[in-house]
Every structure is written in C-alpha cells, then in structure tokens.
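Colleague: If you scroll down you'll find the structure; I have some questions about it.
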Amino acid sequence: SQQGEEDPQALSIQEGENATMNCSYKTSINNLQWYRQNSGRGLVHLILIRSNEREKHSGRLRVTLDTSKKSSSLLITASRAADTASYFCATDAYSGAGSYQLTFGKGTKLSVIP
Amino acid sequence: KAGVTQTPRYLIKTRGQQVTLSCSPISGHRSVSWYQQTPGQGLQFLFEYFSETQRNKGNFPGRFSGRQFSNSRSEMNVSTLELGDSALYLCASSSPRVGESARLRDTQYFGPGTRLTVL
C-alpha cells in the first residue's frame, strides 16, 4: 500500500519559477526521503530528512517535515528545464511482521517550460 | 565508484515462463533492495537482502523470489509470469545499518532498471 501521497500529481511551471511538491503519510516514520526519476530510468536520491529534523537544504532544494501533520514539502527554487522529471517521496517505516521498508508515493510529474 | 548495474536492461517473455534479473551493487554496499514500478501501482518494495539473507519482504506472492551471493550481487526470480508482471524492476544498494539500527533505511542508490514485458 502507498504510505506517501504526493500532491499535486502533475505540475507545469516556467523556467525560473519555484516548484513546490507536497507529501503526506500515515504512520510514524524514521526518516523521509525525496527522489527524482527521469523518464523510465532509475531513481536519484535528492535529500533525506530525519524524523527529528524540521528543515533541510541542499543547493536549490529545501525540504520541510512536519511530523505532527505527517507531511513534507519539497521546494525547488529557480527551476530549470533540466529539473523536468518525476519526484517521489519515500518514507522509512515499520511495515508490519517484523519488516521495515521504504514506501514510495506515486510521484509528482514536474514539467519546467523553457 | 561504479554505480549499481542491472542486467539485462530489457526483457520480453511470455506468460508462464520464468525470468531471472541480476543486480550488482556499488562496491562496499552489502544491502540490496528490489522494487517493482508500474504505472498503476507505482513503486512497490519487493525485498531486501543483506549478507546473503532476506532481511525484509514486501507484499508480493511467492512467485517472486531473490537471493544474494557472497559478493553482494543479487538476483531476483519471477516464476510463472503473468501479464501483470510487466514492469520496470529496480534494484538499489545501500550501506546497511546493523544491529539495533537495522530498522533504519538510509540513502538508496538505484540502478537503471530492467524493463520486463510479458506477452
């Protein structure tokens, strides 16, 4: 089952604008990770935020985590055409029967128009 | 360091056949996880191996199995293929935590995937 749910499902912006994607989840987590996937290829790790952190930055990326609301957001500033990709949040959590796993949302498809 | 490699990159099979996919992790990484990605279900966790042992398992039928070798390379096998098994199969490696910290998943480094088409 999907734990993380991204919003919006698709986002189209002009180059130079900021892009914000949101992720909501259901259970307690160890950490939350954001990944990017270019069409039909492998995923690339962007940033990991631990459950006791509230905000993290990496270059043009800013991630926030609100564990009380069980939500996270990814902000990409000054977007570029090369940022066009699908973005996924993944929650690291206990999944039952002694198993821990990363559970991915269905992703936000970002299109940056030059 | 070389990245995660997966072979083959593309595969076409027919219903009822079986298939074996291979994954070589980043040198030094001993944890390998497998995921299935489909348009309908998204990315779903199959299983994780560490030191030749399956450590975590997703909610897939027994037709899906895997193993890990002493050099950390991993294979996954799908028997009696169904049309719904058509998907991109992704393998990811990571530096695993052990002991009490084994419950934590850190950064996953993904391979390019194997695109399986079942006819």
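The values are calculated or read from the model by the stated rules, or taken from the named source; none is laboratory data. In this text the structure is predicted, and so the values were computed from the model without any measurement. Virtual Cβ from ideal backbone geometry, glycine too; neighbours counted across all protein chains shown. Heads up: the accessible areas ignore ligands, DNA and RNA and are worked out on the full protein's heavy atoms, side chains in. Shrake-Rupley method; radii C 1.70, N 1.55, O 1.52, S 1.80 Å.
Colleague: Note the direction-averaged projected area, equal to a quarter of the hull surface, for the Cα convex hull of the protein assembly as shown, in nm².
Modeller: 12.7
Colleague: Which pairs in the list A:LYS26/B:LYS57; A:LYS70/A:LYS106; A:LYS106/B:LYS13; A:LYS69/A:LYS106; A:LYS26/A:LYS56 are over 23 Å apart, alpha-carbon to alpha-carbon?
Modeller: In this structure, A:LYS106/B:LYS13 exceed 23 Å between Cα atoms.
Colleague: Relative contact order for region B:1-46 using alpha-carbon pairs under 8 Å, separation at least 6, rounded to a whole percent?
Modeller: So the answer I get is 32 percent.
Colleague: Once the whole set of protein chains is in place, how much accessible area is left on A:HIS57, using a 1.4 Å probe, in Å² to the nearest 10?
Modeller: 120
Colleague: Can you give the FRET efficiency for A:THR77 and B:SER79, using 1/(1 + (r/R0)^6), R0 = 41 Å, r = Cβ-Cβ distance, to the nearest 0.05?
Modeller: Plugging the Cβ-Cβ distance into 1/(1 + (r/R0)^6) gives 0.30.
Colleague: Taking R0 as 35 Å, what's the FRET efficiency between B:THR20 and A:TYR94 from their Cβ-Cβ distance, rounded to 0.05?
Modeller: 0.70
Colleague: Would you mind getting the Kirkwood hydrodynamic radius of region B:11-119 from its Cα pairs, rounded to one decimal in Å?
Modeller: In region B:11-119 this quantity evaluates to 14.1 Å.
Colleague: Using only alpha-carbon positions, what ratio does the radius of gyration of chain A give when scaled by 2.2 N^0.38 Å?
Modeller: 1.03
Colleague: Quick one: dipole size for chain B, taken about the Cα centre, charges +1 on Lys/Arg Cβ and -1 on Asp/Glu Cβ, in debye to the nearest 20.
Modeller: The calculated dipole for chain B is roughly 100 debye.
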